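The values are calculated or read from the model by the stated rules, or taken from the named source; none is laboratory data. Bear in mind that the values here come from a model prediction, so they are computed numbers and not experimental data. Glycine gets a Cβ as well: all are built from the backbone with ideal geometry, and neighbour counts include every protein chain shown. For accessibility, only protein heavy atoms count, side chains too; no ligands or nucleic acids. Shrake-Rupley method; radii C 1.70, N 1.55, O 1.52, S 1.80 Å.
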Amino acid sequence: MKKLKIGDLFIYILLAVFASIGFIGMKSMATVEGERNVVILLDGEEVERIRLTPNMEEKELCIDTDNGMYNIVSIAKDGVRVIEASCSDKLCIKQGRIDNPGQSIVCLPNKLVIKILGDDDSPVDDVTY
Amino acid sequence: MKSFRLLVSNLNNYKMCNSIALCSFDCYNIVKCCTRGDKIDYMKVKKYIVIFLVISMSLMGCTQIGMKEYTKNIFALNTYITLTAYGGRNTPKILDKAVQRIQEIENHMSTEIDTSDVALINKNAGESPVEVHDDTFYVIERALWYCNMSDGAFDITIYPIVKLWDITGDNPRVPDEEEIQRALSLVDYTEVILDREDKTVFLNRSDMGIDLGAIAKGYAADEVVRILEKSGIRHGLLNLGGNISVIGDKPDGTPWNIGVRDPREEETQLQYLAIASISNSSIVSSGDYERYIKDVYEKTGIRYHHIFDPRTGYPADSGLIGTTVIAKDSIDADALSTCLFIMGQERGLKFLQNVQGSKGICIDNTKRIYTSSGMDNILEITGEEYRLEK
């Protein structure tokens, strides 16, 4: 019969403390509350990333493609929309404003994607259409 | 085995809690023993503690730690594609391989690329057989199987009609009756002649043409799944212009929840009328809402959309506004959602029961939802205006 050494006990307690700290830390770091970011992708590559804040001024960005096409994007506190575009179908403009995380505007002819990233409380992972 | 997997996934979810609980439990016992001075074999206690620690550590190690979400966005196959995979640091390389494969498929099967197998088949219609790549041959063979099974409701020789209306092109228009009849006389899948030995495809009459648009995206999704799985990816979500394929479950061990788009919410593609919970399969939708002649619709209220009925030469008018099919392989889900849309609710759902492992739903123009068998447990209706018919 051996006695438990005080050093062993110390190590176990230390482990428990570290584990608890790690657990609490992970939970609090996992999400930044309510932050929304607008990400603009051109042909799959990220070209802009802008944070949507409650008191930001409206910003207009012109996104030029390599072959002389363009989309003008308006970014404001209440969301993002395309206000002018050189594409043939103008579907990106007709779609209007998006403001919720998970939403996106796609301009197929110009290979442009605008999406909003953020805390996604949507119950779905994606939508089939 | 199943319960074991369940156990593992549950443990995964609570990995941190577990290890803490185990640790504190150990400490509590040790302290208790020390203070009360009970006779305890401490070697044994220590052994248990070590075992506990090893188990909880390894549980922590084998889960999400070291597994990250990687996404790749591309434009191909006439649509916008998002590939999401969960894996280690080599995942971007694996996704690049998948993208290359998609581009290869596009180069073989697009009607718009002059050098593609399909463009060459169409160009040589009525003249000579064209030798094609193995994948093109496979897709055409599978497509013809659907043409046959659906008794021509699905027909890849619809291309002359597609070109005539040009719904998805730059100058969509409503052709006159005579033009439609002329184009329609060229639509007949029994005049596609395959030679399995030489891997050639021949269209019997000149001006005939094939369009794999209703099936090629499905095949591409299956190829991406194959490449990712072979490289060890166990969780993933692919979206090829609304065709969705999922690999495994979500990283947390629960099924993927996929919304079915509300066909009458034009504003955003994110409005859905139902949620389907799926693992390891593909879900594909067809409908009259995605591409149609908007000007004519605004003036007359008639929706000339992009899914044609090979028997009439006009956009399919079966009373349905949307269909969604779930199948193991995306190539099947893709073809079947089109079949279902053209065949209509009664015939279409019956047809679906004949194809093993497939199930689906259709939505008619009075906002009623009909389902095939096998949907009850995985479908939740969320659209308030829609009613599920039994």
Mind jotting down the three principal axis lengths of chain A based on Cα atoms? Whole angstrom, largest first.
-> 85, 30, 29
Accessible carbon and sulfur surface of the stretch A:36-118 relative to its total accessible area, %, 1.4 Å | 44
How would B:W165, B:W145 rank on accessible area, largest to smallest, probe 1.4 Å?
-> B:W145, B:W165
Is the protein assembly as shown rounded, prolate or oblate when judged by the Cα gyration tensor, a ≥ b ≥ c being the square roots of its eigenvalues, rounded requiring a/c under 1.5 and prolate requiring a/b larger than b/c?
-> prolate
Anything over 28 Å Cα to Cα? Flag those among B:K250/B:K390; B:K72/B:K250; A:K115/B:K93; A:K115/B:K68; B:K217/B:K359; A:K94/B:K359, in the order listed.
-> B:K250/B:K390; A:K94/B:K359
About the Cα centre of the protein assembly as shown, what is the dipole size in debye to 20, counting +1 per Lys and Arg Cβ and -1 per Asp and Glu Cβ, all else neutral?
-> 3720
If you take the accessible area of A alone, add that of B alone, and subtract the area of the pair, what total do you get in Å², probe 1.4 Å, to the nearest 100?
-> 3800
So how far apart, in nm, are the two label points at B:R182 and B:D376 if each is 7 Å from Cα heading toward Cβ?
-> 5.4
The local net charge around A:D89, scoring Lys/Arg +1 and Asp/Glu -1 for residues other than A:D89 whose Cβ lies under 11 Å from its Cβ, equals +3
Can you check what the net charge comes to around A:R51, using other residues whose Cβ is under 10 Å from the Cβ of A:R51 (Lys, Arg +1; Asp, Glu -1)?
-> +1
Farthest positive-ward along the stretch B:112-203 dipole, Cα basis, beta-carbon charges - from B:C147, B:I121, B:T190 | B:C147
Across chain A: Cys residues that no other cysteine approaches within a C-beta distance under 4.7 Å | A:C62, A:C87
What does the accessible area per residue of the stretch A:36-118 come to in Å², with a 1.4 Å probe and no ligands, DNA or RNA counted?
-> 50
Choose one of B:G87, A:L108, B:G218: the residue whose Cα lies farthest towards the positive end of the charge dipole of the protein assembly as shown (beta-carbon charges +1 Lys, Arg; -1 Asp, Glu; about the Cα centre).
-> B:G87
What percentage of the solvent-accessible surface of the stretch B:255-388, computed with a 1.4 Å probe over protein heavy atoms, is contributed by carbon and sulfur atoms?
-> 41
Percent accessible area from carbon and sulfur atoms, the stretch B:78-139, protein chains only, probe 1.4 Å | 43
Report, in whole Å, the centroid distance computed from the Cα atoms of the stretch B:96-152 and the stretch B:183-204.
-> 12
Would you mind getting the accessible area per residue of the stretch B:112-203, heavy atoms of the protein chains only, 1.4 Å probe, in Å²?
-> 50
Measure of exposure for B:K328: accessible area at 1.4 Å probe, Å² rounded to 10, is 130
Rounded to the nearest Å, the spacing of the alpha-carbon centers of the stretch B:237-260 and the stretch A:58-79 is 31
Neighbours of B:D334 by Cβ distance under 11 Å: Lys/Arg at +1, Asp/Glu at -1, summed charge -1
